[in-house]
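Everything below concerns the one structure shown next.
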Amino acid sequence: MALLAPSLLSANFAHLGRDVDMLHRSQADWVHVDVMDGSFVPNISFGFPILESIRPLTNKCLDVHLMVDKPDRYVERFVAAGANVVSIHYEACTHVHRVLQQIRDCGAKAGLALNPHSPIHLIEELTDLVDVLLIMSVNPGFGGQQFLPGTIDKVKKSKVLLQPHTLVEVDGGVGMHNCAQLVAAGAHVLVAGNAVFKTGDPMETIASMKQLMG
Ligand code: DX5
Ligand code: ZN
């Protein structure tokens, strides 16, 4: 059964506790947490204090997506702040092996994110170290962008290379219109920001999406 990971980037930051509590009570499986440094991506979101504040509000998996240059500098602190999965970008590190191992050594699941321009074969020498492959279906930095259709093929291609233990996650422009297609292509985890939070009843939307995802 595929997992749904609503992205807090689209939540109401003035009522973040309320929104995390809603996710906790909902059928959401993971909580996706987007950290942006204003350098790797042209936007700044939030960091350690937010993660520390939401950690006590739910026991659901906190799926931390680091859109940060040289993320090895911060892995330990994000795991200490409560991350269960830490995803780093292939494009943001020089020694990808080392950083993935570092994440595991800290006790979290190691995620590797690929920008839309990065071909799937880049993971070929890394498959044993990747617990989660995060395929970006928009250029990272902002919520509410349009899904890049080439992603469906990328998900299919990834299945040939990956080891059985690796989860395939898709992030960006995911919603009711494409969630079933992504699961059929082989995605295990779908991130959804605007498609969940910018609706009248996010909790109900989560339930409907889960149903479509099968
Ligand atoms: C984009 C972030 C996404 C974002 C998705 O850079 O990594 O997680 O929150 O938002 P939507 O689902 O609105 O495209
Ligand atoms: Zn993300």
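The values are calculated or read from the model by the stated rules, or taken from the named source; none is laboratory data. Just so we're clear, the structure is a prediction, and the values are computed from it rather than from any experiment. We place every Cβ from the backbone using ideal geometry, glycine too, and count neighbours over all the protein chains shown. Accessible surface areas use protein heavy atoms only, side chains included; no ligands, DNA or RNA. Shrake-Rupley method; radii C 1.70, N 1.55, O 1.52, S 1.80 Å.
Tell me which residues, restricted to segment 183-204, are away from ligand 2 (no atom under 15 Å from the Cβ) and in contact with a helix residue (DSSP H, G or I) (Cβ under 8 Å, 6 or more places away or on another chain). Spell out how you get there, then give the answer.
Looking only at segment 183-204, we keep the residues that are away from ligand 2 (no atom under 15 Å from the Cβ), and these are 183-186, 188, 198-204.
Within segment 183-204, V183, A185, G186, K198, T199, P202, M203 meet the criteria.
Inside segment 29-70, can you point out the residues that are open to solvent by less than 10 Å² (accessible area, probe 1.4 Å) and closer than 16 Å to A108 by Cα?
Residues satisfying the conditions are V31, H32, V33, L51, L62, D63, V64, H65, L66.
Filter segment 104-123 for residues that are open to solvent by 10 Å² or more (accessible area, probe 1.4 Å) and either in contact with a Ser or Thr (Cβ under 6 Å, 6 or more places away or on another chain) or part of a strand (DSSP E or B) (or both) and give the result.
Hits for segment 104-123 are K109, I120.
Out of segment 158-183, which residues are of a type in the set (S, T, N, Q) and outside any helix (DSSP H, G or I)?
Selection gives Q163, T166, N178.
With G143, G150 as the choices, which residue is small (G, A, S), under 18 Å from V191 (Cα atoms) and within 16 Å of ligand 2 (Cβ to nearest atom)?
After ruling out the rest, the residue left standing is G143.
Filter segment 176-214 down to the residues that are small (G, A, S), open to solvent by less than 30 Å² (accessible area, probe 1.4 Å) and more than 19 Å from N12 (Cα to Cα) and list them by number.
Residues satisfying the conditions are A185, G186, A187, A207.
I'm told M1 meets every condition in (1) modelled with pLDDT of 95 or more; (2) more than 15 Å from ligand 1 (Cβ to nearest atom) except one. Can you identify the failing condition by its number?
Among (1) modelled with pLDDT of 95 or more; (2) more than 15 Å from ligand 1 (Cβ to nearest atom), the lone unmet condition for M1 is (1).
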